[in-house]
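First up is the structure itself, then whatever we jot down about it.
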Amino acid sequence: MNPYVLAILLSSLGLGTTLTFASSHWLLAWMGLEINTLAITPLMAQHHHPRAVEATTKYFLTQATAAAMILFASTTNAWATGEWSINDLSNPIASTMFVAALALKIGLAPVHFWMPEVLQGLDLLTGLILSTWQKLAPFALIVQTAQTIDPLLLTLLGATSTLVGGWGGLNQTQLRKILAYSSIAHMGWMIIVVQYAPQLTLIALATYIIMTSATFLTLKMSLATKISTLATTWSKSPVLASTTALVLLSLGGLPPLTGFMPKWMILQELAKQDLPLIATTMALTALISLYFYLRLCYAMTLTVSPNTTNSTTPWRTQTTQVSLPLALFVVSTLGLLPVTPAILMLTA
């Protein structure tokens, strides 16, 4: 892709998200979401592969549907209350429609079906943008309006997403689909606590972005897109393989890695709010997710690669990827748990 075009598209991505962050008017927020969608569409279709074009079309249709629902919800709310302010979402029909639209935008269950299919059709770097940056603007709107939304609806969305995210990833062999289900499960953790402690949602979102970036960049470094390719990583680069295994365990939420921090704090908050049953359900769904991360670690570090792989074995291929972002994300993914008190102090 032409570097000037790429610069325009990436700056438009930044502009769309910033516009949604800064807006207090529904139309401005909607405009920011639309700029975001239109900026990432050419990035998704840049390889001209039928799968990439199919993924782009699916993504565009779902995002356009969600944007239309947001516009309809905001118009309904303005009609009922006479207010276009984001903080004044008092109409129950409008708020339910708005939550459904944002759930579709970020891929929460039960409107998650587009997410694994779209991510599977993209290359790893565009998939990274879709899994991290594209979640920021919708989450800004969710955090702003969380107090006006029905708590039962948010709890149901969160619990369903963690269950579907864990369950759906069990039978997958493609790494991008596994990461898509991982994303759905993490979104569920963030949504379930947003009504009680929005700062915990932001901490969970920040750690999710760090861990997912580390995962995508390590997979890109080892040129792996399916489990059978992971088995060859140990022979090629033992350090990268062991690092990837630790990053995956951090995504699963094992102590003493960074991924344990948001789960621990969210479970603690749910217990404080007298919701022990929901906290137990969330902890059990985290175990289901942990199973498929362990399966990846097992394939990568504890199995010898088969002599006849169907894919081309990238034994000594040189990568052009800059390793500094990878190093920073990996260090953050593995070692932020000890600074939890400091993070809590900053967000209090």
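The values are calculated or read from the model by the stated rules, or taken from the named source; none is laboratory data. Quick caveat: nothing in here was measured; it's all calculated off a predicted structure. FYI the Cβ positions are ideal-geometry reconstructions off the backbone, even for glycines, and counts take in every protein chain you see. Heavy atoms of the whole protein, side chains included, go into the accessibility calculation; ligands, DNA and RNA do not. Shrake-Rupley method; radii C 1.70, N 1.55, O 1.52, S 1.80 Å.
Considering region 160-175, the residues that are in contact (Cβ under 8 Å) with a residue 60 or more places away in the chain and open to solvent by 10 Å² or more (accessible area, probe 1.4 Å) include one that is nearest to residue 271 (Cα to Cα), namely 163. All of 123, 88 fail the test of being of a type in the set (D, E, K, R), at pLDDT below 90 and not assigned by the TED database to the domain that holds residue 263, apart from 88.
Of the residues 220, 226, 263, 272, which single one is basic (Lys, Arg), open to solvent by 20 Å² or more (accessible area, probe 1.4 Å), in contact with a strand residue (DSSP E or B) (Cβ under 8 Å, 6 or more places away or on another chain) and not assigned by the TED database to the domain that holds residue 118?
Numbers: 220 fails: in contact with a strand residue (DSSP E or B) (Cβ under 8 Å, 6 or more places away or on another chain); 263 fails: in contact with a strand residue (DSSP E or B) (Cβ under 8 Å, 6 or more places away or on another chain); 272 fails: in contact with a strand residue (DSSP E or B) (Cβ under 8 Å, 6 or more places away or on another chain).
The match here is 226.
Of all residues in region 252-305, those satisfying the criterion of being in contact (Cβ under 8 Å) with a residue 24 or more places away in the chain and among the small types (Gly, Ala, Ser) are 252, 253, 259, 286, 289, 299, 305.
Could you tell me which of the residues 232, 244, 201, 218 is β-branched (Val, Ile, Thr) and closer than 30 Å to residue 144 by Cβ? Spell out how you get there, then give the answer.
Values: 232 fails: closer than 30 Å to residue 144 by Cβ; 244 fails: closer than 30 Å to residue 144 by Cβ; 218 fails: closer than 30 Å to residue 144 by Cβ.
None of the others qualify; the one that does is 201.
When residue 340 is tested against the conditions (1) surrounded by 12 or more Cβ atoms within 10 Å (Cβ to Cβ); (2) modelled with pLDDT of 90 or more, the lone failure is (2).
Applying the criterion of at least 3 residues that are in contact with a helix residue (DSSP H, G or I) (Cβ under 7 Å, 6 or more places away or on another chain) to the helices (runs of 4 or more DSSP H) found wholly in region 136-237 leaves 136-145, 151-169, 175-193, 198-221.
Counting the residues of region 20-64 that are without any contact (Cβ under 8 Å) to a residue 24 or more places away in the chain and polar (S, T, N, Q) gives 2. Among the residues of region 242-257, write down those that are part of a helix (DSSP H, G or I), touching a Phe, Trp or Tyr at 6+ places or on another chain (Cβ under 7 Å) and surrounded by 22 or more Cβ atoms within 10 Å (Cβ to Cβ). Passing the criteria: 248, 251, 252.
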